[in-house]
Amino acid sequence: HEVVPGISSVSALLARHRTNLNRVGRPVQITTGRRLAEGWPQDVDDVVVMLDARHAFTAHLDQDRFIYWGAYVGTPDEILVSGKLADVAGRIEELRTEARVRKGWIMDTYLLRRP
């Protein structure tokens, strides 16, 4: 894979999904799965989550959320899923588990967006 200086995994994820980090004039928060499990950040509609081994996004299935998820972004093994969280969460869990078993590790990141 190619390393492009100045391009973070978050930037690569958003570019691959052809979306923005946040909406105009709105804050964004980058956090961990552990923090997201404690609750949705106050006054933020766009949350980037890294290091989420326990699928903290599943705590928000009953809320109106959209997810842009990616694993191994920028590599030949790249996996991308996006959609309404309630519709794609199960698929993300399956893909994540399969990929981790296959490779022995996983590096994934996602953006959760509240309308």
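The values are calculated or read from the model by the stated rules, or taken from the named source; none is laboratory data. Quantities reported herein were computed from a predicted structural model and do not represent experimental measurements. Heads up, the Cβs are rebuilt from the backbone with ideal geometry, glycines too, and the neighbour counts pull from every protein chain shown.
Details
- Number of residues in segment 61-115 that are in contact (Cβ under 8 Å) with a residue 40 or more places away in the chain, of a type in the set (A, V, I, L, M), in a loop (DSSP other than H, G, I, E, B) and in contact with a helix residue (DSSP H, G or I) (Cβ under 6 Å, 6 or more places away or on another chain): the value is 1.
- With respect to the conditions (1) of a type in the set (Gly, Ala, Ser); (2) in a helix (DSSP H, G or I); (3) without any contact (Cβ under 8 Å) to a residue 40 or more places away in the chain, Ala12 lacks only one, and its number is (3).
- Restricting segment 3-61 to residues that are of a type in the set (D, E, K, R), surrounded by 16 or more Cβ atoms within 10 Å (Cβ to Cβ) and touching a Leu at 6+ places or on another chain (Cβ under 8 Å), the residue that is modelled with the lowest pLDDT is Asp52.
- Any hit, segment 21-32, residues being in contact (Cβ under 8 Å) with a residue 24 or more places away in the chain and in a helix (DSSP H, G or I): no
- Selection of segment 28-57 for residues being under 19 Å from Val88 (Cβ atoms), under 12 Å from the mean Cα position of the chain (by Cα) and not small (Gly, Ala, Ser) yields Leu36, Asp46, Val47, Val48, Val49, Met50, Asp52, His55, Phe57.
- When the residues of segment 62-105 are filtered to those that are modelled with pLDDT under 95 and of a type in the set (Val, Ile, Thr), the one that is surrounded by the most Cβ atoms within 10 Å (Cβ to Cβ) is Val73.
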